[in-house]
Amino acid sequence: MLIGIDIGGTNLKSAIFKLSGEIVNKKIFKTAETEIEKNLTKFITQSKIKFARKKNIFGIGISVAGLLNKNKKLVNSPNLPNFKFSKFMQFLKGEFPNVPISIMNDANAAAIGEHSIGFKKKYSSIFLLTLGTGIGGAFINNHSLWEGNFGTASEIGHTCIKANGNLCNCGVKGCLESYFSGWAIKKRAETFAKLYPKSKIGKLEKITPLEISNLCRLGDKRSKEIFKESGVYLGIAMSNIINLINPETIILTGGLTKARKYFLPYSLQKCEELSLDGLFKKTKINIGKLGIWSGTYGSIQTFVK
Ligand SMILES: [Zn+2]
């Protein structure tokens with residue numbers, strides 16, 4: 001058996017896999033929960049591996065929302081401010097001594113999951129974007145992950161698309177993430193709500209990208225405008241990917257893809273406009289097939305037989 005764990009900013013997704021890569025059991029916890037280790041232990045023991053479990057585990061895959069260096073140390077994770085990653089790793093090593101553990105960045109894990117399982121190795125080159133609270137990226141080249149010189153490649157969310165633009169969480173101005181991401185959309189809506197408290201956005205109890213997309217569905221013009229304008233910036237980033245690395249496909253995953261109706265047409269229009277002649281039509285734009293489980297699937301692929 002294999003254990004896959006995907007640690008995101010909000011949820012921790014865990015699954016038990018057969019050695020063939022098939023999921024036997026899965027469960028989601030809140031990453032913010034204080035009893036995360038207890039919950040995980042309970043889930044693992046309650047799964048089908050409860051008999052002689054330590055003997056039966058051949059590998060543990062961890063996918064984590066953050067920047068990892070080549071030694072697989074978490075160097076930066078703005079979306080996991082209170083999660084003690086090193087303490088969690090100590091716990092796992094204590095529970096499963098001598099079991100190999102593979103650690104990777106969540107976007108990389110999602111790309112491996114979609115490449116191997118979601119799209120069954122149909123594409124040899126993939127650029128995957130995770131569209132969530134933040135924006136992650138991963139590049140599969142010739143069926144293998146491109147990690148870069150220091151292991152931090154493909155951070156498309158922190159590529160500059162507007163000089164001296166909005167301030168990003170990373171401290172730099174003009175990153176894609178400061179225009180198109182869950183937090184950027186939320187921030188824009190909050191600014192609008194302050195200016196126009198009597199508007200539909202202003203009357204929302206809690207502003208989230210999901211609530212803004214609900215307002216789009218109800219026909220709110222301002223909400224549609226927010227998604228449209230942000231979507232154009234995503235299109236700029238996608239054209240940069242196409243012109244720079246020319247992958248067979250761009251795969252979009254993450255929670256924001258649920259609201260794609262309100263931004264993707266504008267992203268595609270901008271992407272086509274800025275892509276070099278003919279390249280847009282030759283690049284397949286896909287939506288991920290594994291949903292929230294892509295990172296968990298990807299995390300264990302190195303052990304699959
Ligand atoms: Zn940034």
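The values are calculated or read from the model by the stated rules, or taken from the named source; none is laboratory data. Everything numeric in this text was worked out from a predicted model, so none of it was measured. Backbone-built Cβ (ideal geometry, glycine too); neighbour counts: all protein chains shown.
Descriptive notes on the structure:
- Scanning the stretch 168-194 for residues that are touching a residue at least 40 places away in the same chain (Cβ under 8 Å) and either outside the structural domain of Lys206 (by TED's automatic domain parsing) or more than 10 Å from the ligand (Cβ to nearest atom) (or both) gives Tyr179, Phe180, Gly182, Trp183, Ala184, Ile185, Arg188.
- Top-ranked residue of the stretch 46-73 - restricted to ones that are polar (S, T, N, Q) and more than 20 Å from the chain's Cα centre (by Cα), ranked as modelled with the highest pLDDT: Asn56
- Condition broken by Pro100, with the remaining ones in (1) touching a residue at least 40 places away in the same chain (Cβ under 8 Å); (2) within 21 Å of Glu177 (Cβ to Cβ) satisfied: (2)
- Of residues in the stretch 11-22 being without any contact (Cβ under 8 Å) to a residue 60 or more places away in the chain and part of a strand (DSSP E or B), the one nearest to Gly132 (Cα to Cα): Leu12
- Out of Ser230, Ser223, Ser213, Ser239, one residue alone is modelled with pLDDT of 95 or more, within 16 Å of the ligand (Cβ to nearest atom) and polar (S, T, N, Q). It is Ser230.
- In the set Gly235, Gly165, Gly254, only one residue is of a type in the set (Gly, Ala, Ser) and surrounded by fewer than 18 Cβ atoms within 10 Å (Cβ to Cβ); that residue is Gly165.
- Complete set of residues in the stretch 183-201 that are within 23 Å of Asn76 (Cα to Cα) and crowded, with 22+ Cβ neighbours inside 10 Å: Ala184, Ile185
- Criterion (closer than 22 Å to Ser144 by Cβ and surrounded by fewer than 22 Cβ atoms within 10 Å (Cβ to Cβ)) met by exactly one of Ser20, Ser77, Ser47, Ser63: Ser20
- Per the conditions (1) surrounded by fewer than 19 Cβ atoms within 10 Å (Cβ to Cβ); (2) small (Gly, Ala, Ser); (3) assigned by TED's automatic domain parsing to the domain that holds Ala237, the sole criterion not satisfied by Gly94 is (3).
- Matching entry among Leu195, Leu256, Leu244 (being on the phi < 0 side of the Ramachandran plot, in contact with a helix residue (DSSP H, G or I) (Cβ under 7 Å, 6 or more places away or on another chain) and not acidic (Asp, Glu)): Leu256
- When the stretch 275-291 is filtered for residues that are assigned to a helix (DSSP H, G or I) and surrounded by fewer than 17 Cβ atoms within 10 Å (Cβ to Cβ), the ones remaining, listed by number, are Leu279, Lys281, Lys282, Gly291.
- Glu225 being charged (D, E, K, R) and in contact with a strand residue (DSSP E or B) (Cβ under 9 Å, 6 or more places away or on another chain): no
- The one condition in (1) more than 23 Å from the chain's Cα centre (by Cα); (2) hydrophobic (A, V, I, L, M, F, W, C); (3) closer than 30 Å to Ile140 by Cβ that Cys216 fails to fulfil: (3)
- Close contacts from the stretch 148-165, counting a first residue that is within 12 Å of Leu68 (Cα to Cα) and a second that is at pLDDT below 90 and more than 12 Å from the ligand (Cβ to nearest atom), with Cβ to Cβ under 7 Å and a gap of 6+ residues or different chains, come to Phe150/Asn69; Phe150/Lys70; Gly151/Leu68; Gly151/Asn69; Gly151/Lys70.
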